[in-house]
1. Quick one: in the chain, what % of C-alpha pairs are over 19 Å apart?
2. Comparing 78, 94, 21, which has the greatest mean-square fluctuation in the GNM of the chain with Cα pairs linked when under 10 Å apart?
3. What are the residues whose amide H is under 5 Å from the amide H of residue 86, where those residues sit 5 or more places off or on another chain and H is modelled from the backbone?
Amino acid sequence: MGVNVNEKIRKLSAARRKKVEARARELIAEEMTLRELRRAKEWTQERLAAALGVQQDSVSRLERRSDVRLSTLRKAVEAMGGKLTVLVEFPGQEAVVLRGMGGGGRKRRGE
């Protein structure tokens, strides 16, 4: 007979359950589609469309695309109050933030 995860979670102490739920939220937040991100921020497609100055159907199409320009993604994220960062990861090396992608990179001093 299989283990029911909900039953296991109910048996945890309140403090432990709170920790498990917080970690679950962290893991879920690590990977989201643009649609999931918008919904997590409690934004409608209409609200995002208005912030971007486009029609709602444009947001719908954007959320369904698998290949989006970084500048377009940056605009959508910034419209919701966020900041887009491109992170590059190679096996056995520390992750590096890639600058200058999508038109929002930091300028060097004197530029």
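1. Result for the distance tail: 62 percent.
2. Judging by the Gaussian network model, the answer is 94.
3. 98
Only the coordinates and a few stated rules stand behind these numbers; no lab work does. These numbers were taken from a predicted model, which means no experiment stands behind them.
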